[in-house]
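Working notes, beginning with the structure itself.
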Amino acid sequence: MAYINHNALNKNAQLYLYLDDTMFMTCNQNPKRAAIQLQKQIVLALDWLTKWCLSINVQKTIIVVFNGPHNFNFLHFDINDHHILWSHTAKYLEVTLDRKLSLIAHINMIVIKATSIRGMLYAILNRSSPIPTKTKHTQHKIGRAHV
């Protein structure tokens, strides 16, 4: 069955779709107003999903406040009786965004991945390895391509 991206949208919310990832965003100077707008969007989205016999993965669903107050956690959002967790970061399209949109969390994740790959390749890339230099160079290129 094919679905067209025709999700119901609250006029005060933006919808961002990419493959099977969906992000709703609301903006307002008043945090309570933004929360109300977001809750309206969640209700609209759930109604649309139910109509088309689709479901949301509530385990992967989070809420992040960007450039907002730090004590925003007093508001509670639920989807199908599952409490949605607040987070300081969100990963969207392989980019980790933090509350201040500084990309520090994203850079830290890239460094962790690169260090891990380097560690995995160390056994074959170190100077005392019996593997020919040309093969090591090829492996190094492959490892860098995956970072």
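Please list, ordered by first then second residue, the pairs with beta carbon atoms under 7 Å, 6 or more apart or interchain, first in the range 90-107 and exposed (fewer than 13 other Cβ atoms within 10 Å of the Cβ), second aromatic (Phe, Trp, Tyr).
Within 7 Å, the pairs are 93/18; 101/66.
For the range 16-42, what are the residues that are of a type in the set (A, V, I, L, M), under 17 Å from residue 84 (Cβ atoms) and either open to solvent by less than 70 Å² (accessible area, probe 1.4 Å) or under 21 Å from the mean Cα position of the chain (by Cα) (or both)? Spell out the reasoning first.
Taking the range 16-42 first, the residues of a type in the set (A, V, I, L, M) are 17, 19, 23, 25, 34-36, 38, 42.
Next, only the ones that are under 17 Å from residue 84 (Cβ atoms) stay: 23, 25, 34-36, 38, 42.
Across the range 16-42, the qualifying residues are 23, 25, 34, 35, 38, 42.
Could you look through the range 43-71, keep only residues that are assigned to a helix (DSSP H, G or I) and open to solvent by 100 Å² or more (accessible area, probe 1.4 Å), and pick out the one that is nearest to residue 99 (Cα to Cα)?
So the first thing to find is which residues in the range 43-71 are assigned to a helix (DSSP H, G or I), and the list is 43-51, 58-60.
Now drop any that are not open to solvent by 100 Å² or more (accessible area, probe 1.4 Å), which leaves 50-51, 59-60.
Working: 50: 31, 51: 34, 59: 20, 60: 18 Å.
Filtering the range 43-71 for residues that are assigned to a helix (DSSP H, G or I) and open to solvent by 100 Å² or more (accessible area, probe 1.4 Å), the one nearest to residue 99 (Cα to Cα) comes out as 60.
Please count how many residues of the range 74-112 are under 21 Å from residue 17 (Cβ atoms), of a type in the set (A, V, I, L, M) and either assigned to a loop (DSSP other than H, G, I, E, B) or in contact with a strand residue (DSSP E or B) (Cβ under 7 Å, 6 or more places away or on another chain) (or both).
Residues meeting the conditions: 5.
So residue 134 ticks every box in (1) in contact (Cβ under 8 Å) with a residue 24 or more places away in the chain; (2) more than 26 Å from residue 46 (Cα to Cα) but one. Which box is left unticked?
The single condition residue 134 does not satisfy is (1).
For residue 66, which of the numbered conditions (1) within 15 Å of residue 86 (Cβ to Cβ); (2) in contact with a helix residue (DSSP H, G or I) (Cβ under 7 Å, 6 or more places away or on another chain); (3) not aliphatic (A, V, I, L, M) fails to hold?
Result: residue 66 fails condition (2) only.
Can you confirm whether the range 69-80 contains a residue that is out of contact with any Phe, Trp or Tyr (no Cβ under 7 Å at 6 or more places or on another chain), modelled with pLDDT of 85 or more and over 30 Å from residue 138 (Cβ atoms)? Steps first, answer last, please.
First, the residues of the range 69-80 that are out of contact with any Phe, Trp or Tyr (no Cβ under 7 Å at 6 or more places or on another chain): 69-72, 74-80.
Narrowing further to those that are modelled with pLDDT of 85 or more: none.
The answer is no, given that none of the residues of the range 69-80 is out of contact with any Phe, Trp or Tyr (no Cβ under 7 Å at 6 or more places or on another chain), modelled with pLDDT of 85 or more and over 30 Å from residue 138 (Cβ atoms).
Select, from 134, 100, 113, 141, the only residue that is at pLDDT 80 or above and more than 25 Å from residue 87 (Cα to Cα).
Just one listed residue meets the conditions, 134.
The values are calculated or read from the model by the stated rules, or taken from the named source; none is laboratory data. What you are looking at is a predicted structure, and each value in this text was computed from that prediction instead of being measured. Here the Cβ is made from the backbone with ideal geometry for all residues, glycine too, and neighbour counts use every protein chain on show. Calculation scope for accessible area: heavy atoms of the full protein, side chains included, ligands and nucleic acids excluded. Shrake-Rupley method; radii C 1.70, N 1.55, O 1.52, S 1.80 Å.
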